[in-house]
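The values are calculated or read from the model by the stated rules, or taken from the named source; none is laboratory data. All of these numbers come straight from a predicted model, not from anything done at the bench. Backbone-built Cβ (ideal geometry, glycine too); neighbour counts: all protein chains shown.
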């Protein structure tokens with residue numbers, strides 16, 4: 001999009017109109033990268049689904065585990081490249097010159113990297129599973145003799161087995177755990193625009209190692225307290241949500257601070 005036309009249009013726009021213009025600019029400027037990412041996601045899920053169907057893998061936990069693993073990896077990578085347009089000084093200056101508030105620019109990147117990416121990954125999950133079924137129908141002898149292989153996988157049915165009495169709570173814990181696992185990579189993309197995934201992965205490995213040691217010591221010296229805390233899924237979900245929000249808020253303030261610093265420069 002031509003920058004002069006964009007600036008002229010943004011001048012007297014409301015926040016919502018400004019936001020949509022900024023979102024269009026973000027999508028247009030990164031359309032090749034976004035299409036390549038979408039092709040990689042769908043390609044991997046479809047290929048895996050075809051292999052599973054050819055080998056006669058049913059709609060069980062194995063498929064859910066494989067597709068969930070892909071989902072987490074793409075979530076981490078997608079969040080890590082959210083601010084890839086700030087790797088060099090020239091790219092950071094270009095981002096600064098975009099006539100939109102820091103919040104508007106941050107919100108657009110967050111929407112594309114978190115909820116939109118999550119929706120794409122959920123859709124890819126079912127596309128991969130449908131590919132599995134179609135491949136099985138085309139390659140298996142008498143496929144209708146195996147009705148269990150012809151059902152679309154319901155990952156929720158498998159995950160809800162952890163606690164069949166409180167399915168809504170289990171869903172809350174799983175979703176909050178997903179977004180918490182992704183949030184540090186989104187924050188790391190702002191903190192380390194270059195090689196963000198590798199640096200954040202290394203940092204999270206160190207943090208998780210320390211937390212595991214602290215947890216083991218807590219279980220040893222405070223067993224009754226840790227039992228009550230660990231038994232509370234609501235407590236777990238609340239902690240996950242608060243930590244996720246903390247990463248997002250900290251990321252915004254760091255992003256805004258970087259914008260201010262480059263304005264001063």
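Filter region 20-76 down to the residues that are surrounded by fewer than 16 Cβ atoms within 10 Å (Cβ to Cβ) and touching a helix residue (DSSP H, G or I) at 6+ places or on another chain (Cβ under 6 Å), then identify the one that is modelled with the highest pLDDT. Among those that are surrounded by fewer than 16 Cβ atoms within 10 Å (Cβ to Cβ) and touching a helix residue (DSSP H, G or I) at 6+ places or on another chain (Cβ under 6 Å), it is 54.
Condition check for residue 63 on (1) within 16 Å of residue 251 (Cα to Cα); (2) part of a helix (DSSP H, G or I): one failure, at (1).
Does residue 82 fit the bill of being outside any helix (DSSP H, G or I), closer than 25 Å to residue 189 by Cα and either under 12 Å from the mean Cα position of the chain (by Cα) or without any contact (Cβ under 8 Å) to a residue 12 or more places away in the chain (or both)? For residue 82, the condition - outside any helix (DSSP H, G or I), closer than 25 Å to residue 189 by Cα and either under 12 Å from the mean Cα position of the chain (by Cα) or without any contact (Cβ under 8 Å) to a residue 12 or more places away in the chain (or both) - is met.
One line per residue, one yes/no per condition, for (1) surrounded by 13 or more Cβ atoms within 10 Å (Cβ to Cβ); (2) outside any helix (DSSP H, G or I); (3) at pLDDT 75 or above:
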residue	(1), (2), (3)
205	no, no, yes
214	no, no, yes
219	yes, no, no
235	no, no, yes
240	yes, no, yes
244	yes, no, yes
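From the list 178, 159, 185, the one residue that fits, being modelled with pLDDT of 90 or more, surrounded by 16 or more Cβ atoms within 10 Å (Cβ to Cβ) and under 30 Å from residue 134 (Cβ atoms), is 178.
Yes or no: residue 104 at pLDDT 90 or above and in contact with a helix residue (DSSP H, G or I) (Cβ under 6 Å, 6 or more places away or on another chain)?
Working: at pLDDT 90 or above: no; in contact with a helix residue (DSSP H, G or I) (Cβ under 6 Å, 6 or more places away or on another chain): yes.
Taking the combined requirement at face value, the residue does not satisfy it.
Is it fair to say residue 108 is assigned to a helix (DSSP H, G or I) and either over 28 Å from the mean Cα position of the chain (by Cα) or free of Cβ contacts under 8 Å to residues at least 60 places away in the same chain (or both)? No, not satisfied. Criterion applied to 199, 263 was being more than 18 Å from residue 114 (Cβ to Cβ), at pLDDT below 70, part of a helix (DSSP H, G or I) and in contact with a helix residue (DSSP H, G or I) (Cβ under 7 Å, 6 or more places away or on another chain), and the one residue passing it is 263.
With respect to the conditions (1) closer than 27 Å to residue 244 by Cβ; (2) part of a helix (DSSP H, G or I), residue 132 falls short on a single one, namely (1).
Being at pLDDT below 75, surrounded by 14 or more Cβ atoms within 10 Å (Cβ to Cβ), within 30 Å of residue 187 (Cβ to Cβ) and touching a helix residue (DSSP H, G or I) at 6+ places or on another chain (Cβ under 9 Å) is a description that applies to residue 96.
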